[in-house]
Amino acid sequence: MTNKVLIIDDDVDTLKLVGLMLERQGYEISVASNGTLGLAKAAEDKPELILLDVMMPDLDGYEVTKRLRSNPALAHIPIIMFTAKTMVDDKVAGFEAGVDDYLTKPTHPAELTAHVKAVLARSAQAIATPEEKAQIVGFLGSRSGIGTTTLTLNSGVALREKGYDVIVAELNPGHGSMGLELNIQDPSGLSNVLSRSLKDIHLRSVEAEIVNHSSGVRLLLSSFHPRETELEQAVPQMEAVVSNLASMCDLLILDLGAGLKPYVKPILQQCDRIILVVEPVYPSDAMGRALLQELETSGINTKKVGLALINRVRTSLQVPWRQVESDLGIELAGIVSPAPEQAHQASQAGSPLVDSYADSLVSEQIRKLAESLLTYLHPPTG
């Protein structure tokens, strides 16, 4: 496949000479004579590489780089800064803005070609999904509204405390609440990735949507906009997202929402451990039983499924946990007691429950559930 190279430079001679030289090497060339046009051209052409000047009349190369890196659709494109500015401070400014390489004018054609080839090769290696994969734990609710997302997030934080490099991914497009719980203003990372074509979902594009949280976990969040529920049908894209996330961490924790959306079954096949979240009252327990039966019918090994019970009503209304465990035929991983006031206060503070109320009963219960997973996981690599 021919690589597309976009040259952004206000010098006409550079556009012509460098463009012609790279065309002779087999590259497909497009050009822009200033930064504004360059940004528009990058969005239109989606090049594999950008060759960028610094000194231009409207937007300089540093600003163009920053804008490219802040745009999720373009952030993955590698950039070579190609300029007459030779001072060390200029190079440092370029790398701080986000360029991948820095080359000073004038340069020999062979050197320029070598840099272009090297950067493209590194980019291709980054886009390819590495062989080494994270361990994956999926949390699946028997019904919505029982606390699956809160349990997923806090379990991820608890496992981060055990030394794992953790990514928590909220795979629930159009129904996201994790970002709201953490006071994150734009929790649209998953939707941004799923809206891409399959070929444009790779390490760079997925990594651009990751949020680093103060708890130490990294997050891929779902939007709460109802129109984005249509992205539930993007099954190949969702599988590609999970595959790329699994190459970025030791331990990938997935919030799969409630029920069997189109993408859930193939993703559960990738999971090393599955936690079925059930409330021990009717109809949640009955829905959990039906869900488990469907998983078994679909060929998913139910031996890797553990049970998490979320208690939200008084004890007299609950089905005893031993009975739920027996009815479902899966091992109990943990029980979580109600803590509505603490959960509310943690949400108001934008903090996970296990951080805000580290010594509380509910936090101890979540940590105990997380520790139960260690039996099924390899130790952290870090």
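The values are calculated or read from the model by the stated rules, or taken from the named source; none is laboratory data. From a predicted model like this one, the values you see are computed outputs, not experimental measurements. We place every Cβ from the backbone using ideal geometry, glycine too, and count neighbours over all the protein chains shown.
For region 208-227, enumerate the residues that are of a type in the set (A, V, I, L, M, F, W, C), closer than 19 Å to PRO380 by Cα and under 10 Å from the mean Cα position of the chain (by Cα).
LEU219
Out of region 242-251, which residues are modelled with pLDDT under 90 and touching a strand residue (DSSP E or B) at 6+ places or on another chain (Cβ under 9 Å)?
none
For the condition farther than 26 Å from HIS213 by Cα, polar (S, T, N, Q) and surrounded by fewer than 18 Cβ atoms within 10 Å (Cβ to Cβ), what is the one hit in THR375, THR381?
That would be THR375, the only listed residue that is farther than 26 Å from HIS213 by Cα, polar (S, T, N, Q) and surrounded by fewer than 18 Cβ atoms within 10 Å (Cβ to Cβ).
Of the conditions (1) polar (S, T, N, Q); (2) touching a helix residue (DSSP H, G or I) at 6+ places or on another chain (Cβ under 7 Å); (3) surrounded by fewer than 18 Cβ atoms within 10 Å (Cβ to Cβ), THR113 fails just one. Which one is it?
Of (1) polar (S, T, N, Q); (2) touching a helix residue (DSSP H, G or I) at 6+ places or on another chain (Cβ under 7 Å); (3) surrounded by fewer than 18 Cβ atoms within 10 Å (Cβ to Cβ), only one is false for THR113: (2).
If you check every pair at least six apart or on different chains, which have Cβ atoms under 6 Å apart with a residue in region 178-199 that is at positive phi first and a residue that is in a loop (DSSP other than H, G, I, E, B) second?
If the second residue must be in a loop (DSSP other than H, G, I, E, B), the pairs left are ASN183/GLY350.
Please work out which residue is surrounded by the fewest Cβ atoms within 10 Å (Cβ to Cβ), limiting yourself to region 193-205 and to residues that are assigned to a loop (DSSP other than H, G, I, E, B) and polar (S, T, N, Q). Steps first, please.
Here is the first cut: in region 193-205, the residues assigned to a loop (DSSP other than H, G, I, E, B) are 195-197, 201-202.
With polar (S, T, N, Q) added as a condition, the list becomes 195, 197.
Values: SER195: 17, SER197: 8.
Among residues in region 193-205 that are assigned to a loop (DSSP other than H, G, I, E, B) and polar (S, T, N, Q), the one surrounded by the fewest Cβ atoms within 10 Å (Cβ to Cβ) is SER197.
Could you check region 206-233 and list, in sequence order, the residues that are surrounded by fewer than 22 Cβ atoms within 10 Å (Cβ to Cβ), small (Gly, Ala, Ser) and touching a helix residue (DSSP H, G or I) at 6+ places or on another chain (Cβ under 7 Å)?
The answer is SER215, GLY216.
Does region 9-27 hold any residues that are of a type outside the set (Phe, Trp, Tyr), touching a helix residue (DSSP H, G or I) at 6+ places or on another chain (Cβ under 9 Å) and outside any helix (DSSP H, G or I), and which are they?
Matches in region 9-27: ASP9, ASP10, GLN25.
Quick check on region 212-265: of everything there that is of a type in the set (A, V, I, L, M) and touching a Lys or Arg at 6+ places or on another chain (Cβ under 7 Å), which residue is nearest to GLY147 (Cα to Cα)?
ALA258
Among the strands (runs of 3 or more DSSP E) confined wholly to region 69-179, which include 2 or more residues that are more than 30 Å from LYS304 (Cβ to Cβ) and touching an Asp or Glu at 6+ places or on another chain (Cβ under 6 Å)?
79-83
Pick from region 141-192 the residues that are of a type in the set (A, V, I, L, M, F, W, C) and in contact with a Cys (Cβ under 9 Å, 6 or more places away or on another chain): which of them is surrounded by the fewest Cβ atoms within 10 Å (Cβ to Cβ)?
Here the answer is ILE167.
Every residue, every condition in (1) surrounded by fewer than 17 Cβ atoms within 10 Å (Cβ to Cβ); (2) modelled with pLDDT of 90 or more; (3) under 21 Å from SER223 (Cβ atoms); (4) under 19 Å from the mean Cα position of the chain (by Cα), yes or no:
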| residue | (1), (2), (3), (4) |
| --- | --- |
| ALA240 | no, yes, yes, yes |
| ILE253 | no, yes, yes, yes |
| ALA258 | no, yes, yes, no |
| PRO266 | yes, yes, no, yes |
| CYS271 | no, yes, no, yes |
| VAL277 | no, yes, no, no |
| PRO283 | yes, no, no, no |
| GLN293 | yes, yes, no, no |
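Can you confirm whether GLU44 is out of contact with any Gly (no Cβ under 9 Å at 6 or more places or on another chain), at pLDDT 85 or above, charged (D, E, K, R) and assigned to a helix (DSSP H, G or I)?
yes
Here is a check on your reading of the model: is ASP53 closer than 20 Å to LEU203 by Cα and surrounded by 19 or more Cβ atoms within 10 Å (Cβ to Cβ)? Outline the logic, then answer.
Working: closer than 20 Å to LEU203 by Cα: no; surrounded by 19 or more Cβ atoms within 10 Å (Cβ to Cβ): yes.
For ASP53, the condition - closer than 20 Å to LEU203 by Cα and surrounded by 19 or more Cβ atoms within 10 Å (Cβ to Cβ) - is not met.
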